[in-house]
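Values quoted throughout were computed directly from the atomic coordinates according to the rules given, and no laboratory measurement underlies them. Owing to the predicted nature of the structure, the values given are computational and were not obtained by experimental measurement. When we count neighbours, we look across all protein chains shown, and the Cβ atoms used for this are built from the backbone with ideal geometry, even at glycine.
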Amino acid sequence: MQFQSTRDSALRVSSSEAIVRGLAPKSGLFVPESFPKADLENWKSLPYPALAEQVLKGFLTDYSADFLHSATAATYGEAFGGKAGETVKVSDGVYALELWHGPTCAFKDYALQLMPKLLVEAKKNLGRTETTRILVATSGDTGKAALAGYADLDGIEIEVFYPNAGTSEIQHLQMATQKGDNVQVYAVEGNFDDAQTGVKRVFADESVAAELEARHIRLSSANSINWGRVLPQIVYYISAYCDLVRDGKLTMGDKVNFCVPTGNFGDILAGYYAKQMGLPVGKLICASNKNNVLTDFIKTGTYDARRTFYKTTSPSMDILISSNLERLLLHTSGSAEKVEGWMQELAATGKYTVDAETLAKIQASFAAGYADDAAGAAEIRARFERDGYLCDTHTAVAFHVAEANRSDAPMVVLSTASPFKFPRDVLAALGETAPESDFAAMAALTAKTGAAAPASLRELDKLPVRFNTVIEPAEIRAAALR
Ligand SMILES: *Cc1c(COP(=O)(O)O)cnc(C)c1O
């Protein structure tokens, strides 16, 4: 399997190369040039690690079978407490795919517990000996998941940039207390887009690459612009489908809808890839918060980022420049030239409009909607009081949008974070007065609901804070050259 760039139809690289490089030249993103078929009949009763091995095998054709077997077994067993891909019933025909049973309590662990192993192996496959310096822009959850995945790995350094005051107290402490000799964490003045744009600029800066190369260091990315981030997420769509078949909720071949709380479009894109592999998916429903640039795009074909940026109670979705949409544009338009044109227009004017044919293809697979903070809070309360199901602020956005898009097909809502990662907002949504501190709120949430807070979150305030540097976006370059 070869990988091509969203902005250059001539370029072809191996999967190892795509994972090591992270970003293609001219800021393009790597995408698979074709999709292996999902063998659902043979996959339907596999445990999660074995299913992951099968899915990866189809794309990572230059990795050894032994490596893929041991890496998936090591990643998706213990670390997820036996709950990888856990799908639970919420109400009739509505299920939650709970993706927060990993070490950092958000779905990003699925990719970031595996990707470090893929990167180290890719370097071996390519015979490369340089140090890899990973730069991560994060709205909150990616940073911790990446730090946890890459800490103390040989030949790897990691630097994380998050928006100062843009994360919850828990998210901030998860990053600021990270252990490891090869990790560095910076708060950046501004919002997530400022941090992400600053990091992308460093990746595109040839003088940075040249200076680091002289020191035998190469930059790479752990953001979902790296193909190695998107790939592991395909697995849980297939796993959820197979679980519903196994439990008699579904007959093999029947369609399922997935509703995905979306920011950078990585998670929902993995669902599209599962569909391209032959998974019977009806609609992929893109759920946004008040930063609803994707809702408008999917409904109209015009992507217009020139709008107010809102800080919401679902901070990991507070994004106006949704990077992975570029990949979908290539698959649906089939033209790297068109994609490059739209992306240049976006950079220059803040907006672009796709052609009618491309929009029709997007609308054949996707629906969209959004929920503001009040609608999300009402959803948290309704799901808890009516269904006995406790969800976080991001998942609540998806539950709200799922309701407006119900059909006869079962609906699987991707539950992307533990409610204990955002305890104050969840508690307030349940009608309680939230205490100032996240830690007091966690205890109050347990008292109110009977649900136990994950130990890794409860004990955070006992760990020493290692990082408290605040920088301007313009200083990201210097930090990257450290
Ligand atoms: C990152 C994140 C999202 C958004 O996922 P994308 O892949 O960026 O669309 C949703 N919910 C939570 C909890 C997240 O951490």
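Determine the shape class of the stretch 287-345: with a ≥ b ≥ c the square roots of the Cα gyration tensor eigenvalues, call it rounded for a/c under 1.5, and otherwise prolate if a/b is greater than b/c, oblate otherwise.
Note, shape of the stretch 287-345 comes out prolate.
Below 8 Å, C-alpha to C-alpha, sequence gap of six or more: please give me the relative contact order for the chain in percent.
After rounding, I find 19 percent.
Would you mind checking the pairs 144/448; 290/351; 117/255; 144/249; 83/144; 299/448 and listing those with alpha carbons more than 30 angstrom apart?
Flagged as over cut-off: 117/255; 144/249; 299/448.
Rank 445, 409, 463 by how far each Cα sits towards the positive end of the charge dipole of the stretch 357-482 (+1 on Lys, Arg Cβ; -1 on Asp, Glu Cβ) and give me just the farthest.
463
Just to confirm the filter: which GluC sites (Glu not before Pro) across the stretch 389-448 are DSSP coil and have at most 11 other Cβ within 10 angstrom of their Cβ?
Listed in order of number, the matching sites are 436.
Report the normalised scattering of the stretch 58-105 as log10 I(q)/I(0) at q = 0.28 Å⁻¹, calculated by the Debye formula with identical scatterers on the alpha carbons.
-0.96
Tell me, 238, 380, 321 in order of fewest to most beta-carbon neighbours within 10 Å?
The fewest-first ordering by Cβ neighbours comes to 321, 238, 380.
So what is the calculated 222 nm ellipticity per residue for the chain, using -39500 (n - 2.57) for each DSSP H run with n of 4 or more, over all residues, to the nearest 500 deg cm²/dmol?
Calculated from helices alone, the mean residue ellipticity at 222 nm is -13000 deg cm²/dmol.
Given +1 on the Cβ of Lys and Arg, -1 on the Cβ of Asp and Glu, and no further charges, what dipole in debye does the stretch 370-442 carry about its Cα centre, rounded to the nearest 20?
Around 160 debye, computed over the stretch 370-442.
Arrange the following residues from fewest to most other Cβ atoms within 10 Å of their Cβ: 342, 100.
By the 10 Å Cβ count, ascending, the order reads 342, 100.
Roughly speaking, what is the centre-to-centre gap between the stretch 434-455 and the stretch 80-111 when only Cα atoms are used, to the nearest Å?
The two parts, judged by their Cα centres, are 20 Å apart.
Using Cα pairs closer than 8 Å and at least 6 residues apart in sequence, work out the relative contact order for the stretch 117-191, in percent.
Over the stretch 117-191, the number comes to 31 percent.
Report, in debye and to the nearest 20, how large the dipole of the chain comes out about its Cα centre when Lys and Arg carry +1 and Asp and Glu carry -1 on their Cβ.
400 debye
Please give the charge dipole size of the stretch 199-328, origin at the Cα centre, charges +1 on K and R Cβ atoms and -1 on D and E Cβ atoms. Round to the nearest 20 debye.
280 debye
Could you please rank 309, 297, placing first whichever residue has the fewest other Cβ atoms within 10 Å of its Cβ?
Starting with the residue having the fewest Cβ neighbours, the order is 309, 297.
At most 11 other Cβ atoms within 10 Å and a DSSP loop assignment: could you name the trypsin sites (Lys or Arg not before Pro) in the stretch 23-72 that fit?
In loop regions of the stretch 23-72 (DSSP not H, G, I, E or B), the sparsely surrounded trypsin sites (Lys or Arg not before Pro) are 37.
Considering the options 151, 223, 20, tell which one lies farthest towards the positive end of the dipole of the chain, charges being +1 on Lys and Arg and -1 on Asp and Glu at the Cβ, about the Cα centre.
20
Rounded, prolate or oblate, given the Cα gyration tensor of the stretch 142-292, with a/c below 1.5 counting as rounded?
Cα axes put the stretch 142-292 in the prolate bin.
Pairwise over distinct Cα atoms, reciprocal of the mean inverse distance: report the Kirkwood radius of the chain in Å, one decimal place.
This gives a value of 22.4 Å.
Dipole of the stretch 161-287 (Lys/Arg Cβ +1, Asp/Glu Cβ -1, origin at the Cα centre): which of 262, 235, 208 lies farthest to the positive side?
235
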